[in-house]
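Peer 1: Just dropping this structure here.
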């Protein structure tokens, strides 16, 4: 009896607050069975100042299509605010059919990664989580190459660095840009979909709300929600928002005080450092986006020191923030796939 009680109290709490036990979506399950090849990993935060004991972790999964010739390109997807990596399963068919391997992570405090849901202490935790995943991914690639024998090591499978495209949507776009500045030597290209550089006026909390958020951000009440400003503005199609609300893995509450302040400081830092972006990139943005201002993507294109022949901005007239869940999504995906194929086949990129 006493040993059972001791075991109960020694069992560590669920650091995902129950999210890890939620079932996978129907779409995710498709990619977890033949003819797709699937892996999943839990990576600890190592030597991270906020999590020095390594208790917290980041979850990521990989998808590839085993029936097609594989390209030597990994596409690492970083999801948007209040979302999770598994929802990328809705829009990666064409990438997999073209032979790209897709890696989809859950940012800290989202999806199956640890942390109070949608609670961000510091924006740099987001870039750190990407660094941990990339380091783990590259080690996995090295282990695979080392496992090849002389009889299985063909010309195509000889060890060679895989090109890595860091692809971010909305908040994930902010993370991808920030990461590219902080860790430029660990990735090759960037893809951005309606990236968070500027928040539109209609989605930004009021000055009074911002004041309240700053007041509670560093207190034990920093987790409290302070604003619903951007909620429901991703698309004018009500079905898009309904699908979001019906998914138990997405976050349906208001913007937490500390989260809002962390992202405010992060976007201010990014704006001041956009000129440091040097990777080849593609940015895609809808002109009717009511959450992330299209002016941020335009400023990136004009400011980044990436050479003019290696940066590309495509604007989609009338499309809103949820570009991959609206009519017009096929064109967005078609343009992305064409750019990725060019990357794979052009040795100068």
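Peer 1: What residue, of 211, 241, is over 29 Å from residue 18 (Cβ atoms) and out of contact with any helix residue (DSSP H, G or I) (no Cβ under 6 Å at 6 or more places or on another chain)?
Peer 2: 211
Peer 1: Is there any pair linking a residue in the stretch 273-287 that is closer than 17 Å to residue 188 by Cβ to one that is modelled with pLDDT under 95, with Cβ under 8 Å and at least six apart or on different chains, and which?
Peer 2: Sorted first by the residue in the stretch 273-287, then by its partner, the pairs are 280/343; 280/349.
Peer 1: Looking at 253, 328, 260, which is the one that is in contact with a strand residue (DSSP E or B) (Cβ under 7 Å, 6 or more places away or on another chain), at negative phi and without any contact (Cβ under 8 Å) to a residue 60 or more places away in the chain?
Peer 2: 260
Peer 1: Kindly check whether there is at least one residue in the stretch 183-195 that is at pLDDT 95 or above, exposed (fewer than 15 other Cβ atoms within 10 Å of the Cβ) and closer than 24 Å to residue 138 by Cβ.
Peer 2: yes
Peer 1: Which residue is surrounded by the fewest Cβ atoms within 10 Å (Cβ to Cβ), if the candidates are limited to the stretch 230-257 and must be assigned to a helix (DSSP H, G or I) and under 20 Å from the mean Cα position of the chain (by Cα)?
Peer 2: The residue in question is 245.
Peer 1: A further question follows. When only residues in the stretch 45-64 that are in contact with a helix residue (DSSP H, G or I) (Cβ under 8 Å, 6 or more places away or on another chain) and part of a loop (DSSP other than H, G, I, E, B) count, which is modelled with the highest pLDDT?
Peer 2: Taking the candidates together, the pick is 45.
Peer 1: What number of residues within the stretch 316-330 satisfy the criterion of being surrounded by fewer than 16 Cβ atoms within 10 Å (Cβ to Cβ) and under 21 Å from the mean Cα position of the chain (by Cα)?
Peer 2: Total meeting the criteria: 1.
Peer 1: Moving on to the next point. Tally up the residues in the stretch 275-298 that are farther than 25 Å from residue 229 by Cα and over 19 Å from the mean Cα position of the chain (by Cα), please.
Peer 2: Qualifying residue count for the region: 3.
Peer 1: Here is a further query. Would you tally the residues in the stretch 309-349 being in contact with a helix residue (DSSP H, G or I) (Cβ under 6 Å, 6 or more places away or on another chain), more than 20 Å from residue 294 (Cβ to Cβ) and at pLDDT below 95?
Peer 2: The qualifying residues number 1.
Peer 1: Go through the stretch 200-215 and count every residue that is modelled with pLDDT of 90 or more and buried (at least 19 other Cβ atoms within 10 Å of the Cβ).
Peer 2: Here the count works out to 0.
Peer 1: Going residue by residue through the stretch 150-164, is there one that turns out to be at pLDDT below 95 and part of a helix (DSSP H, G or I)?
Peer 2: So far as the stretch 150-164 goes, no, none of its residues is at pLDDT below 95 and part of a helix (DSSP H, G or I).
The values are calculated or read from the model by the stated rules, or taken from the named source; none is laboratory data. None of the values given here were measured: they were computed from a predicted structure. Note that we place each Cβ from the backbone using ideal geometry, even for glycine, and neighbour counts take in every protein chain shown.
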